[in-house]
Structures are given as C-alpha cells and as structure tokens.
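The values are calculated or read from the model by the stated rules, or taken from the named source; none is laboratory data. All values reported here derive from a predicted model rather than from experimental measurement. With ideal geometry, Cβ positions are generated from the backbone for all residues, glycine too; neighbour counts draw on all protein chains shown.
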Amino acid sequence: MIAKEQLEELRLKILPAGSAKIVDLLIAHYDRVVPAKVAMEGVPLVIIARHGVLARLPIKGVMTKLSSPEAITTPLQHFFQGRETLYLYTNLPALTVPDCVQEVLDEAASRLQSTEELKRRINAALDAMDRETFMRLSAELRERERISERIRFDVR
C-alpha cells in the first residue's frame, strides 16, 4: 500500500487539469492504492502524468480505458466501493522553485532558526537569574516579533 503522505505530495506537483478530484479520491482510499513503477496491463490502474490522467478500471466486469478526469471520477468512486486494489503510476515533474523564491525561503528558515536560538538564550538567562541579559534579549525578541508582524501585515 502507499503512505498517505506520498499521495499528499502529489498536491505539491503540477497536476494535469481536472485531476485534483482524482487525487482527493486516491487520498481518501490510500489504504487500497499501491504505487507502480511501470504502467501494468490487466489490473485496475490510474496513470497521472504531465499531460493528463488515464485509467483502466473495471466497469460492469470489463476492464475499460478512460482518458479524461471527468470520465474517470465516477467509475473510480464506484471502484472504491469494492475491495480491489488500485495501482497508481505517476510521471510528474517535480515543482521547480525559482531561485528568488528559494532565497526567500532560506532567509525565512534562517530567521526562524535565529529566533529559536534567541529564545533558548532567553531561557538560559532566566535559568541563570541574569536579569540584565534576560531583559536585553527579551527586548530583542519583542523587536523581531514587531517587525515580523509588520511584514505579515504588509504582505496581506
């Protein structure tokens, strides 16, 4: 079976149009979905690729090929009413993060780490009963929080 987290990761990729509902169904029934390394024949299968979604599902006892998200959704819902296992083959490119966005993410992570270190130093000063250091570091933390709040307000 596939881990629910693996299916959730599909939401972080560029999905073909209309496939979000199919991904939601797969996540809801993750315990009956098995990842496939190749597109197999003769088994219930959903293929999610860069340019579209395909499925091979049993409809009235006959394995039927479906080639659009709209055509796949209802038969997939019916499929999950049974007990069979569904195989999932994905061929999606990873979502590339532009350099400028990565820089912002790195800066935010660095600020978070720095703030956590500041909080540890505040706790150490408190434990050591060093009032002067505690007051100085607390003022620094309040200033950072004030700036962060202003940034959040400006972004909205």
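Data overview
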quantity	calculated
Filtered residues of the stretch 16-38 (kept if surrounded by 14 or more Cβ atoms within 10 Å (Cβ to Cβ), over 14 Å from PHE80 (Cα atoms) and in contact with a Lys or Arg (Cβ under 9 Å, 6 or more places away or on another chain))	PRO16
Filtered residues of the stretch 32-50 (kept if under 18 Å from the mean Cα position of the chain (by Cα) and not in a loop (DSSP other than H, G, I, E, B))	VAL33, PRO35, ILE48, ALA49
Test: THR90 is modelled with pLDDT under 95, β-branched (Val, Ile, Thr) and surrounded by 11 or more Cβ atoms within 10 Å (Cβ to Cβ)	yes
When residues of the stretch 70-99 are limited to those that are hydrophobic (A, V, I, L, M, F, W, C) and in contact with a helix residue (DSSP H, G or I) (Cβ under 8 Å, 6 or more places away or on another chain), the one nearest to VAL46 (Cα to Cα)	LEU88
Hits in the stretch 2-30 - residues which are assigned to a helix (DSSP H, G or I) and among the polar types (S, T, N, Q)	GLN6
Verdict on GLU70 being within 17 Å of ALA20 (Cα to Cα) and part of a helix (DSSP H, G or I)	yes
